[in-house]
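Asks: Take this structure, written in structure tokens, and hold onto it; I'll ask about it next.
The values are calculated or read from the model by the stated rules, or taken from the named source; none is laboratory data. It should be emphasised that the depicted structure is a prediction, and the values quoted were computed from it without experimental measurement. Note that each Cβ is placed from the backbone with ideal geometry, even for glycine, and that neighbours are counted across all protein chains shown. Remember, those area values only see protein heavy atoms, side chains included, never the ligands or the DNA or RNA. Shrake-Rupley method; radii C 1.70, N 1.55, O 1.52, S 1.80 Å.
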Amino acid sequence: MLTLLVVLGIGGAAYGGYRWATKDSRVKALPAPKTMNKQPWVFPNENKDGIYPVSHILLYLMATEDDGVPEDWMTDVRRLEGDKIEYDHVHEGFWETFYELNKEFRKFDKEIDKHDEMKDSSKAGYQLYLNSLYEMKCEIYELAQACYEYMRINEQEVVEEEEDEKEELMVGRTVEEQKLLAIYHDEDSTPEMKAEAEYLLEELKKMNPESYTNPKLQDMELDMETIRRIVDAKKI
């Protein structure tokens with residue numbers, strides 16, 4: 001649990017103090033489902049308007065565990081929070097799931113307030129209560145992971161689009177141009193290298209403007225011209 005607290009950037013928060021410090025903020029009304037499609041195009045990274053980011057909810061749940069060990073996705077959530085949502089399907093799916101996550105989280109929060117009362121009840125009643133809390137936590141963890149998957153899909157599709165754009169830039173370029181473009185877009189290239197690559201690309205364009213025509217089209221035209229000459233020769 002300590003590992004998760006540190007990774008989420010809220011290390012040292014004790015369960016009791018954490019609960020009472022945020023108790024007032026948790027009584028805010030959760031936005032109605034119909035308003036979720038109007039939510040910002042960014043993955044929430046702070047408590048706002050009565051909703052809580054995934055990392056906040058995970059921290060809260062882990063604080064209720066006796067010896068919980070966070071899974072890798074739990075410690076990666078915080079990295080993606082605050083990222084811009086780039087796609088309609090991610091925005092819709094994430095916010096619908098995120099709403100359910102917050103709704104179930106509030107139910108759990110309400111039930112856990114009964115802990116001391118239920119502990120003083122019968123042994124059987126207390127065990128049923130603990131079982132119910134466990135089932136609620138499992139559902140919350142599943143919804144939190146589903147939210148994380150939407151965040152990962154968003155990140156992966158952005159990376160794939162960038163790669164596709166790089167490939168499109170390479171089409172129809174000379175070997176020299178391809179190498180310069182590769183240097184320009186490489187993450188390891190220094191700003192000086194990028195600037196030099198950009199300069200050399202412009203110089204190549206000035207010296208060899210025909211290289212910016214479609215080489216495949218040029219080959220097709222050459223083939224057609226060759227075949228035309230063969231046909232004309234046979235006519236003679």
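Asks: Given the Cα-Cα distance of GLU142 and TRP73 and 0.36 nm per residue of separation, how much length would full extension add, in nm?
Replies: Residue separation times 0.36 nm, minus the Cα-Cα distance, leaves 23.7 nm.
Asks: Given LYS48/LYS103; LYS110/LYS137; LYS38/LYS137, which pairs have Cα atoms separated by over 18 Å?
Replies: From the list (LYS48/LYS103; LYS110/LYS137; LYS38/LYS137), the Cα-Cα distance tops 18 Å for LYS38/LYS137.
Asks: Could I ask something else about it? Would you list LEU101, LEU222, LEU180 from the most to the least accessible area, probe 1.4 Å?
Replies: LEU222, LEU180, LEU101
Asks: Take each of the peptides 107-115, 121-129, average the number of other beta-carbon atoms within 10 Å over its residues, and list them starting from the highest.
Replies: By packing density, highest mean first, the sequence is 107-115, 121-129.
Asks: For the range 44-185, which whole percent of the accessible surface, found with a 1.4 angstrom probe, sits on carbon and sulfur atoms?
Replies: Whole-percent figure for carbon plus sulfur exposure: 47.
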